[in-house]
Amino acid sequence: MKLFNKILVANRGEIAIRIIRSAKALGIKTVSIYSEIEADALHVKSGDESYCLGKVELSDTYLNINKIIDVAIKAQCDAIHPGYGFLAENPLFVKACDDAGITFIGPHTHAMKVMGNKIEARDFAKKINIPMTEGVTGDVETLLKASKTLSYPLLIKAAAGGGGKGMRIVFNDKELQESLESTSREAKSYFGDGTIYIEKFIEEPRHIEIQIIGDNHGNIVHLFERECTIQRRYQKIIEESPSPTLTDEVRLKMGETAVKIGKAIQYNNAGTIEFLVDKNLNFYFLEMNTRIQVEHPVTEMVTGIDIVKEQILIAAGNPLSFKQEDIKQNGHSIECRVYAEDPENNFMPSPGKMTYYREPVGEGIRIDTGIEKASTIESFFDPMISKLIIWGADRENARKKMILALKDYIVQGIKTNIPYLINLMQHDSYIKNSISTKFCEEHKDQMLSLCEESKKKTPFHIPLFSYLIYSLSEKQILPQNTWTEIGYWRDLMKFDVQFEDEEITVYLTKKNQHFVFEIADVFYDVQAIHWIEGKIDLTIDNDSYTTFVSIDSSRRAHISFDGNIFNSFRKDILIKEDVYSGFGGHSAEDSNIICSPMPGKVIKINVTENEEVKKGDVLVVVESMKMENNIIAPKDGIVQKVNVHQNDMVESSLALIILE
């Protein structure tokens, strides 16, 4: 078996760690790269060596081909694995590797040029009679004219894109030009190529992809399919394998079609053929990703094949270690992508500092992540925290295990989509598989209501008492607590507590290890059974519960229970209002101050001072985590002051615009 001596991983976060794990299993040394802000990141610690490329800008770090090649040469690497995103599908990077005598762990440049560009990929697939939807490419003006020949809705895509970046659906002429321009900007920012195209959007589609893998000896196989229909912002958040949609006949045809494409392009590494599938199970070629996919773990879980390991072995010159007839689907796997984002605010990225982080553990649970403890999620990168992957004997078993694992996944201090995922897993449409790629959009209000109802169904006293016990036990970190000043000598103590949106008065009598709390003439006997690092096992009137509590820098509490997070603070503890920016994080409708809901970069300002604006107008566009976010006017008004300039870096809650 041929092997490399040392591999440079040209990526960061969870995928870098994933690659390092497979390389080390083969006995291969690894080199990590990073930006200054990530010096303590887990992927940096995981590599045998690590090198800093620059400060923060992607053009200076993960997109800087010359710097990465220089590091690889300096570290005496004989191969580079690009992971996904960044330079993974950049032919210029492959050429630079070739010129330096370094093996690129991925496909040859011809496949990458043809299949890595959506427009060329469609032309190629059309020549070999692969079914697809009609599409048009060109600059903004060309596409505006071409749109007249296609019926709405239209799908706009970045030609060189992937991972849902730079994708928009438009339903009328009014939306088209702005969407074309912003899609082109996002494509340029993230992929270095602003080319875009439009195609007819298939309504109520399924997104199903086939994993293929080929070697340098003419062998190409498929590893069956992944269903990736549940998406938000046109980016996948839940994937599973096998697909609950396909029949065995359609599954076979899609696999054969994917292999046909791979053979036609002489593909020689891991890649994914993506299809749209309509309600009649007709499938249409969408694109090919010439790299490892974010969702590859579900395929690994049901096939038992380490795809990254195979990538490395293939690039080293080894033939595939299996044949098509050797590959079987065993059981069912579901992957949920855990993001730092706010579903209540259109899934807006929610970077910031975690106050608590705890991963679920158990049989059939896998977590791919770039962190190991409570960390700061920066605004410069994608907001994905981790991928939670579950294996079960069948879909229903995997679904139930996923719900339990999500409820045991504790992330506090920032907004995440965990409660949303829990409710989605329990939604009747998901259970019955009556979904489409528009599920999150069409069920937006319902899903948010379900999340809210789930919190309201939780007896409020469970998280509230957990917080009070925590705060009473943490006297040393509460210097402004009234009781630490006068001592716990009274028989009866009174607390005025803000819990979520309510003000609650609680009376407490402590008897040995028991706490007797009184709220509105109702008494509760509470005992803290076990407490370690914020995890509190307690009984309330002899019923047992487990909660998790942490305090942020503003002295406000975050309490997790049964998959929900509650916020609270004691009014006898002085809150640091200069730190606190509100649990909500977005401008109120009656406010004249238009704030940035997240740290990011101002890439477009649509208004000037003294200009009249209407409710809903896009005032400023802020790029955060490589996504454009429109900051809109909450009401009609006149712009009194513009506090920012294009290309300014802004912090969360900064006043961007002031209205009269």
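FYI, it's all coordinate maths here, none of it is from the lab. Fair warning: this is a prediction, and the values are worked out from it, not measured in the lab. Neighbour counts are summed over all protein chains in view; Cβ atoms, including those assigned to glycine, are modelled from backbone coordinates with ideal geometry.
Based on alpha-carbon positions alone, could you give the equivalent ellipsoid semi-axes of the chain from the gyration tensor, as √(5λ), descending, whole Å?
Square roots of five times the eigenvalues give 44, 30, 25 Å.
Among THR257, GLY364, GLY331, pick out the residue whose Cα is farthest towards the positive end of the charge dipole of the chain, where Lys and Arg carry +1 and Asp and Glu carry -1 on C-beta, about the Cα centre.
In the chain, that residue is THR257.
Arrange ARG232, ARG555 by Cβ neighbour counts within 10 Å, fewest through most, would you?
Least crowded to most crowded, the residues run ARG555, ARG232.
For the stretch 527-540, take each phi angle, set θ = phi - 60°, evaluate the Karplus expression 6.51 cos²θ - 1.76 cosθ + 1.60, and give the result in whole Hz per residue in order, putting x for glycine and proline.
Computed from phi, the couplings for the stretch 527-540 are 9, 7, 7, 8, 8, 8, 6, x, 8, 10, 9, 9, 10, 10 Hz.
What does the charge count near PHE201 come to, summing +1 for each Lys or Arg and -1 for each Asp or Glu among other residues with Cβ under 13 Å from its Cβ?
Local charge sum for PHE201: -3.
Determine, for GLU256, GLU199, GLU239, the number of other Cβ atoms within 10 Å of each Cβ, and report the residues in order from fewest to most.
GLU256, GLU199, GLU239
What angle do you read, to the nearest 10 degrees and between 0 and 90, between the alpha-carbon axis of helix 173-191 and the longest principal axis of the chain?
Helix 173-191 sits at roughly 80 degrees to that axis.
Note down the net charge around ARG358, summing +1 for each Lys or Arg and -1 for each Asp or Glu among other residues with Cβ under 13 Å from its Cβ.
-1
Given the pairs LYS174/LYS615; LYS353/LYS571; LYS260/LYS309, which are separated by over 19 angstrom at their Cα positions?
Pairs exceeding 19 Å: LYS353/LYS571; LYS260/LYS309.
Amide H of THR30: which non-local residues (sequence gap of 5 or more, or other chain) have their own amide H closer than 5 Å, using H built in the peptide plane?
For THR30, whose amide H was placed from the backbone, the distant partners under 5 Å are ILE7, ASP48, GLU49.
Taking the Cα atoms only, what angle lies between the long axis of helix 248-264 and the longest principal axis of the chain, rounded to 10 degrees?
Roughly 60 degrees between the two axes.
Note down the magnitude of the dipole of the stretch 593-659 about its Cα centre, charges +1 on Lys and Arg C-beta and -1 on Asp and Glu C-beta and zero elsewhere, to the nearest 20 debye.
120
Can you give the relative contact order of the chain as a percent, counting alpha carbon pairs under 8 Å and 6+ residues apart?
9
Counting C-alpha atoms alone, how compact is the stretch 47-156: give Rg to one decimal and Dmax as a whole number, in angstrom.
18.6, 56
When a footprinting reagent is the concern and you count Cβ atoms within 10 Å, what order do ILE15, ILE237 take, fewest first?
Least to most surrounded, the residues fall as ILE237, ILE15.
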